[in-house]
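These notes concern the structure reproduced below.
No lab work stands behind these numbers, since they all come straight from the coordinates. Every value quoted in this text rests on a predicted model; they were computed, and no experiment measured them. Positions of Cβ are backbone-derived with ideal geometry, glycine not excepted, and every protein chain shown enters the neighbour counts.
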Amino acid sequence: MSLGSVAGFALVFVVCAWALSSIGGLVLHRSRRWLQRQGPMAERRAAEAVAVVPVVLAAVAVATLVLQSALGVDHCEAHDHHAHLCITHGAAWLERTSAMVTLAVAGAAMLVRLVLLVTSFARGARSIRELHALSRDAGDVRIVDSDRPFCFVAGPTRPAIYVSSRVWSALSEAERSALVAHERAHVRHGDLYLRVALEVFLVAAAPLVGDRVRAMWLHAGERLCDAHAATVTGEPANVASAMVALCRLNTPRPVASLGFTPTADELAGRVQAVLEGRPTGHRTAARLGRAVLTASLIVVGATIVASEPLHHVFETLLG
Amino acid sequence: MRTFSTATRVLGELEMRVMELLWQESPISVRTACERLGSAHAYTTIMTTMDRLHKKRLLRRKKDGNAFLYEPAMDRAAYQHRVVEAALTPLLEQGATPVLAAFIEVAGNLDEDHLAELERLIANHRRRR
C-alpha cells in the first residue's frame, strides 16, 4: 500500500470519527437533562457510546474500503476526476492540499492528545508508586501524611485507597466507612480501567466533544459510587456528610482537576441525589446500550452493503 | 540544575538508610557512615550514595582535612513533607488524574452558606429517619 493510499484511508477515518463524534456530542448535549432524570448509569452509558461508537464506525468504514480495494472491486478505471481510495492508486491524495491540511490538523491534534495521555499516565503511575511507598497501611486505606484534603483510589494492578491524614482525622467513623465504600465502588465498577479505555477512544474524538464526554462520565461515575456507598453502609446521610466534610477542609490552594470540579449546584445535586435515593438508571442504560448496539450494527451492515456508492461518495467529497 | 521533583523523589533502600543514619548522627564522614552501617556495603558504594544524596540536595557537606563531613540538609519531617508533596503534585495539580478516581474534588468555589445549607439538609434527613 502506498503512502498516498494510507493518507486517503486515514483521512476517511479522521473525517468519519470527527463527524460522528460531533453528532454524538450534540445529541449528548441536547439529551443531558433527560439523561440526568434517568440516572447516572444512563448518563455513563450515553457518554461511553459517544466515545466508542464513532471510532468503531470509522474503523469499519475504512476496513470496508480497504477490503473492497483488496478484493479488486474498486472503480479506479471508471473515475479519474478525483483521488482514489484504493490500495494501489492512492498517490493523488498527496497532491490534494485541502485533504492533506485536514489530515495534518486532525493528525496533529490526535498525536498531541496521545502524547499528553501517555505522559500523564506515566507521571501518574510513578507518583502512585511513590505515594504507596510514602503512605502507611491503615487497614482499608493508606494514609498519606499531608495537610491537603484528598481521597482517591489508584493503582492499576493493586488498587488502593489513598487518604490524606487531614481528611482521615477530620471524618467521623461513619463518614470514613462511607468514604471507603465509595472508593471500593470505583474498584468494583472497574472505573480505573474504564477510564483508561475511555481516554484512548477520546483521542480520536472531535475537538470539544472529549471534554464534555469525560465530564459527564466522571460526574455520573461519582454519583453511581455515592449510591453504592449509601446502599452498602445503609445510611445515605453519612455519604452526603462525608462529601460536605471534605469540602469544608478547603485550603487556600484548592486541589485542581481531580475527577471533576463540583460547583455549589453540583455538590448540592450529589448530596440530594444520595439522600433521596434517586434511581441509578441501570434499566435505561441497558435499553440505551441495546439501542446503540442495534443502530451500530445496522450502520455497519449498511456500510458493507452500500460500500460501492459509499466508496465513491468518500472519493468525491474528500478527493 | 536538578528540579524539585527529581531531588525529592522517593529514595532507594540504601539512600534511605544513609539518611536515617545522618538524621541520628551528623556531621559524619563516609568512613564513619560505613562503620555505622556495617560491612554489607563497600566504602565506595557508601561514598557514591552520599555523593548522590548531596547532588540531590538532601545532604550538605564541608571539607574536613582530606575528607568530607556530611549532614542532612533538612530534618526528617521536612523531607517527608517535601517528598509527599512531590508525589502528590502531578496527581493533584498537573493533570495526571486518569490513573485515579477521586471521592470529591475540594474546590474553592463553595461558600459557607451553601455548605451550611447542605448540612441542614443532611440533619433533616437524619431526623426523618
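When only Cα pairs below 8 angstrom with a gap of at least 6 residues are kept, chain A shows a relative contact order of 29 percent. Of the residues B:Asp64, B:Asp51, the one with the fewest other Cβ atoms within 10 Å heads the list, and the complete ranking is B:Asp64, B:Asp51.
Could you grab the relative contact order for the range A:110-253? Cα pairs under 8 Å, six or more apart, rounded to a whole percent. Could you put the intermediate results ahead of the total?
Details: 141 pairs, mean separation 33.3, N = 144.
Computed over the range A:110-253, the figure is 23 percent.
Each Lys and Arg adds +1 at its Cβ and each Asp and Glu adds -1 at its Cβ; summed about the Cα centre, the range A:121-254 shows a dipole of about 380 debye.
Treat every Asp and Glu Cβ in chain A as -1 and every Lys and Arg Cβ as +1, leave all other atoms uncharged, and give the resulting dipole magnitude about the Cα centre to the nearest 20 debye.
Numbers: 30 positive and 25 negative charges, 183 e Å.
With only Lys, Arg, Asp and Glu charged at Cβ, the dipole is about 880 debye.
For the range A:1-63, the gyration tensor built on C-alpha atoms gives a prolate shape. Its axis ratio a/c (a ≥ b ≥ c) is at least 1.5, and a/b is the larger of a/b and b/c.
Which one, A:Val305, B:Tyr79, A:Ala160, is farthest towards the positive end of the dipole of the protein assembly as shown when Lys and Arg carry +1 and Asp and Glu -1 on their Cβ? Of the candidates, B:Tyr79 comes out farthest on the positive side.
Can you give the relative contact order of the range B:15-67 as a percent, counting alpha carbon pairs under 8 Å and 6+ residues apart?
Numbers: 26 pairs, mean separation 18.0, N = 53.
Here the relative contact order equals 34 percent.
When a/c reaches 1.5 or more, the comparison of a/b and b/c decides; with that in mind, is the protein assembly as shown rounded, prolate or oblate per its Cα gyration tensor?
Because a/c hits 1.5 or more and a/b fails to exceed b/c, the protein assembly as shown counts as oblate.
Where in chain A are the helices, taken as whole DSSP H runs, whose Cα atoms extend 20 angstrom or more along the long axis and whose Kyte-Doolittle mean reaches at least 1.0? Counting only whole DSSP H runs, the qualifying helices are A:3-30, A:40-70, A:97-134, A:282-305. Comparing mean-square fluctuations of A:Ala138, A:Ala306, A:Ala291 from a GNM of chain A with C-alpha springs under 10 Å, the top value falls on A:Ala138. Simple point charges give the picture: +1 on the Cβ of Lys and Arg, -1 on the Cβ of Asp and Glu, and for the range B:28-79 a dipole about the Cα centre of about 220 debye.
Indicate the gyration tensor shape class of the range A:132-204 (rounded, prolate or oblate), computed on the Cα atoms with a ≥ b ≥ c the square roots of the eigenvalues: a/c under 1.5 is rounded; otherwise a/b larger than b/c is prolate and the rest oblate. Prolate, because a/c is 1.5 or more and a/b exceeds b/c. Dipole orientation for chain A: of the candidates A:Ala185, A:Ala229, A:Val50, A:Ala229 has the Cα lying most toward the positive pole (charges on Cβ; Lys, Arg +1; Asp, Glu -1).
A simple rule links phi to the HN-Hα coupling: the Karplus curve 6.51 cos²θ - 1.76 cosθ + 1.60 with θ = phi - 60°, which for the range B:50-58 gives 5, 5, 5, 5, 5, 5, 7, 6, 9 Hz, with x for Gly and Pro.
What ranking do B:Trp23, A:Trp93 get, fewest neighbouring Cβ atoms within 10 angstrom at the top?
Values: B:Trp23 15, A:Trp93 27.
Fewest-to-most Cβ neighbours within 10 Å comes out as B:Trp23, A:Trp93.
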